[in-house]
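Below: one structure, written as structure tokens.
The values are calculated or read from the model by the stated rules, or taken from the named source; none is laboratory data. Quick caveat: nothing in here was measured; it's all calculated off a predicted structure. Virtual Cβ from ideal backbone geometry, glycine too; neighbours counted across all protein chains shown. Note: areas computed on protein heavy atoms with side chains; ligands, DNA, RNA excluded. Shrake-Rupley method; radii C 1.70, N 1.55, O 1.52, S 1.80 Å.
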Amino acid sequence: MNIPLWRPLRHLHQSKRHVSDARPFIAGDLVILRERKTRTASPIFTRPLKPGKRIDSHKGTIYHDDIIGKRPRHVVASRLSRNRSKTGDEEPKGTEYRIQEVKLEEYVRLSKRLVTPVYPADAALIVELLDLHPGVLHQQDCANASEETPKLEILEAGTGHGALTLYLARVIHAANAHLTPPPLQADGDDPRIAEEAETFKRNRLAILHTLDISAKYSQHAQNLIFAYRHGLYAPNIDFHVSPVSPWVREALTARHGKPFLSHAILDLPSADAQLADVAKAVRADGTIVVFNPSITQIMDCLNRVRDERIPLELETVLELPSNGGGKGREWDVRAVRPRTGRSTEVAADDGKAADPTQDARSESGSDEADVEVETDSETESDARQEQPTPTSERPTSKEWAMICRPKVGERIVGGGFVGVFRKWREDQPE
């Protein structure tokens with residue numbers, strides 16, 4: 001089920017803030033209020049500003065009207081009731097707050113949530129892994145944009161909170177910046193505006209398709225995205241409520257089987273079950289990023305790729321840091337073939353531990369049993385064991401032994417793993 005994108009986007013034409021102090025705050029803006037004298041105090045994250053509304057706290061009342069019209073870094077003071085004032089004659093004064101514009105990172109952390117979001121550090125890392133360069137096309141290229149023009153299309157399977165959706169939409173926004181959004185629509189359905197909206201969608205050069213099987217979560221993510229900077233990045237997104245594989249098959253049918261996705265992100269359980277269908281829709285050299293809480297789920301994806309001969313190569317596996325710092329620790333996750341004529345089952349029958357990593361290291365003569373420690377000789381041995389195998393002779397996962405260990409000998413911490421698969425050219429198997 002496709003969700004209509006267009007809704008009243010009042011103030012969209014006023015929301016551009018190329019310079020932080022370019023305009024005063026207006027109705028519909030989101031702001032952060034920080035105590036002027038106490039930096040350690042918790043900030044106040046406002047709802048969209050609206051005349052007549054107010055914020056009540058134990059430190060007094062702050063009226064939205066006192067914020068509207070001010071600029072970033074201006075100060076607003078809360079108001080105390082008369083009975084809380086120490087003097088009855090003077091105007092009661094409360095706490096002074098400095099007004100600041102909400103950053104995307106703050107918005108993701110502080111906004112109301114129904115599900116756990118992809119936190120800012122993780123979202124930024126995933127966006128970096130895609131290595132997006134949408135750019136702004138030359139005027140001539142923009143004028144010639146049509147249905148046949150190759151577009152940057154990204155699939156996000158698992159909208160959830162909408163945090164990663166926002167980060168992706170912000171990056172690809174540059175590709176659509178040359179387009180003028182359709183006129184703002186008030187109440188009712190205007191055929192002219194609907195037609196202009198469809199023309200705008202058709203001429204976009206970058207599109208983010210985001211899917212969720214829950215209409216409730218998808219609607220929540222839409223509300224979140226439309227509230228940020230008056231929906232500045234919302235026109236880059238198409239929301240869908242659907243399972244992944246049926247949507248991909250339907251989209252491929254509409255495009256006569258031609259791959260159309262530049263990248264795909266699978267943030268959902270059993271991502272391995274979706275790989276075959278999603279890979280058909282990804283262009284050659286495109287990436288599929290799998291984001292899962294367990295390393296075994298990444299291994300399931302790798303096994304599925306080998307068993308079903310999906311034209312994907314596991315490029316890298318990163319463990320996301322739990323504290324949000326760093327760029328993730330790389331893991332060594334791959335399949336190796338045990339020595340010819342000796343499987344792990346045979347080794348077990350001989351009374352030896354069926355340790356696939358020991359089979360993979362046997363040529364180097366290493367006795368080490370700690371799979372978390374990697375040496376240069378070990379790496380060379382693994383490379384010799386992992387010689388390319390012709391496609392027709394590739395064994396199933398039962399004939400492969402899995403190596404799964406950190407690439408540095410540190411304690412395993414963190415709450416998630418990212419596996420990056422890259423698609424081969426199917427006309428030139430690797």
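What the table shows:
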read-out	value
With all protein chains modelled, accessible area of Lys201 [1.4 Å, Å²]	50 Å²
Violating pairs (Cα-Cα greater than 27 angstrom) within the set Lys59/Lys216; Lys103/Lys151; Lys201/Lys280; Lys151/Lys423	Lys59/Lys216; Lys103/Lys151
Ala77 long-range amide H proximity, modeled H, under 5 Å	Tyr97
Amide H contacts of Leu312 (H built 1.01 Å from N, under 5 Å, at least 5 apart or other chain)	Trp424
Hz values of 3J(HN,Hα) by residue in segment 102-112 - Karplus curve (6.51, -1.76, 1.60), Gly and Pro given as x	7, 7, 4, 4, 5, 4, 5, 6, 9, 6, 4
Which of His161, His178 is most accessible, then next, and so on - probe 1.4 Å	His178, His161
Förster-model FRET efficiency, 35 Å R0, Lys53 and Lys216, C-beta, rounded to 0.05	0.85
Peptides 246-253, 224-231, 163-170, 212-219 ordered by average Cβ neighbours within 10 Å, highest first	163-170, 224-231, 212-219, 246-253
Backbone HN-Hα couplings from phi across segment 312-319 [Karplus 6.51/-1.76/1.60, Hz, Gly and Pro as x]	10, 10, 6, 8, 7, 10, 10, 9
Sequence-distant residues sharing a close amide H with Arg54 (under 5 Å, placed H)	His64
With every protein chain in place, segment 207-320: carbon and sulfur % of accessible area (1.4 Å)	52 percent
